[in-house]
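In what follows, a single structure is set out as structure tokens and then discussed.
Values in this text are rule-based calculations from the coordinates and carry no lab data. Small disclaimer: the values here were computed from a predicted structure and weren't measured. Heads up, the Cβs are rebuilt from the backbone with ideal geometry, glycines too, and the neighbour counts pull from every protein chain shown.
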Amino acid sequence: MTKQGVTYCSIAKLFCLCLLISHQATFSREIVVDFKGKSPSPQQQAVIFEWLNYGVDAVEKTLGPMAQSTVPISVSMTSAKEPVPWGQVVRGHIDEINMRIGEFNSIDDLTSDWTLYHEFSHLYHPLFAYQDFWLAEGLATYFQNVVMLQNGIYSKAEFLRRIQDGLERGKVATRSHMGQLDKVSVNMWRLRAYQRVYWTGAAFFVEAETLLKKAGAKYTVAQILAMYQVCCRSGESEGASKSAYKFVARLDSLSGTKVFLPLYKRYRYAKGFPNINNEQLALLIKIYSPREPEL
Ligand SMILES: [Zn+2]
């Protein structure tokens, strides 16, 4: 879904609408929305603002406050039948998100789509080199689903079905796109090897949760990523050949374990699709299900 570029488009101030979103008393997030092309009606604009507000809130509930205090979002209205046909992160001094919106009748049509959570999740990691795109897309694919579970958009059953179906698609795609994962990642667009790249990457994070638990770590991947935003995200090198290596090494030091780097070394050269069992999926439900209200 995401094509990571390295340019940054400044936003025409004339058409900017700013929305200050208060998430907690201790911080705030500024979303700067720029409508490109055909302008939505005032009613549609109100729904779109509410949706973007909700999306930031949902993702920050799972992954903690984003490192960048402002998130520019460019919105284009299209004639697509689906509510959110496309999204993209544009990397730059400040990372920006481009979203295309199609037909929608209510905010539920927008909040039930995964694209916005996927793109916001990308803001939690630096730009990686092409051979590590599996890690970037895996992180966003994994967390779009976790965010939707944790915020009650997906039921536990729906979450499980989505993860199982995705892993199955990844497995099937590995048969048609054979070879080392890093090499397939470099050629992902030419080969159209999206399912293998995205879902092997998602499996990496499923496996990391299991290994963290086995190692007696106090934190989930989401909690470690939240800590990473505070200490390290804004100072990381973007797009360098070692960006992903440094990223996973940092997650290890934050978690007090040696889980991420050995797993990264194993995955990046892997030719097959990893085996994820039901016990591992049950662990995800256990750690990320929304808490039942206390009676
Ligand atoms: Zn993506």
**OP:** Find, to one decimal place in angstroms, the Kirkwood hydrodynamic radius of the stretch 130-288, where the mean of 1/r is taken over every pair of different Cα atoms and then inverted.
**Re:** 15.9 Å
Subject >> Lysine pair count for the stretch 13-122 [Cα-Cα under 26 Å; pairs on different chains or 8 or more apart] >> reply: 4
Subject >> Using a Förster distance of 25 Å, the FRET efficiency for Lys218-Ala249 (Cβ separation, nearest 0.05) >> reply: 0.85
Original post:
Where does each of 30-42, 71-83, 217-229 land if you order them by average Cβ count within 10 Å, highest first?
Top reply: 217-229, 71-83, 30-42
Original post:
Residue farthest toward the positive end of the dipole of the stretch 198-295, with Cβ of Lys/Arg at +1 and Asp/Glu at -1: which of Ala226, Tyr245, Gln280?
Top reply: Tyr245
Subject >> Reach of Lys183 by Cα under 19 Å, taken over aspartates and glutamates that are not fewer than 8 positions away in the same chain >> reply: Asp132, Glu137
Original post:
In whole Hz, what ³J(HN,Hα) sequence does the stretch 33-43 give by Karplus (6.51, -1.76, 1.60; θ = phi - 60°), x for Gly and Pro?
Top reply: 9, 10, 7, 9, x, 4, 7, x, 5, x, 5
Subject >> Taking N as its residue count, the alpha carbon Rg of the stretch 13-122 over 2.2 N^0.38 Å >> reply: 1.00
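Can you tally the net charge around Phe104? Count Lys and Arg as +1, Asp and Glu as -1, for every other residue whose Cβ sits under 11 Å from the Cβ of Phe104. Walk me through the numbers on the way to the answer.
On the way: positive: Lys81; negative: Glu82, Glu103, Asp108, Asp109, Asp113.
Around Phe104, the surrounding residues sum to -4.
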Original post:
Which percent of the Cα-Cα distances in the chain go past 32 Å?
Top reply: 23 percent
Subject >> Spherically averaged projected area in nm², based on the convex hull that wraps the Cα atoms of the stretch 72-116 >> reply: 3.1 nm²
Original post:
Put +1 on the Cβ of each Lys and Arg and -1 on the Cβ of each Asp and Glu in the chain; which of Ala193, Met148, Met178 then has its Cα farthest toward the positive end of the dipole?
Top reply: Met178
Original post:
Picking from Ala270, Ile107, Leu135, whose Cα lies most toward the positive end of the charge dipole for the chain (charges on Cβ: Lys, Arg +1; Asp, Glu -1)?
Top reply: Ala270
Subject >> Check: the stretch 13-122 dipole with +1 on Lys, Arg Cβ and -1 on Asp, Glu Cβ, in debye >> reply: 300 debye
Original post:
About its Cα centre, how strong a charge dipole does the stretch 100-191 have in debye, to the nearest 20, once Lys and Arg get +1 and Asp and Glu get -1 at the Cβ?
Top reply: 420 debye
Original post:
What are the residues whose amide H is under 5 Å from the amide H of Ser76, where those residues sit 5 or more places off or on another chain and H is modelled from the backbone?
Top reply: Lys36, Met99, Arg100, Ile101
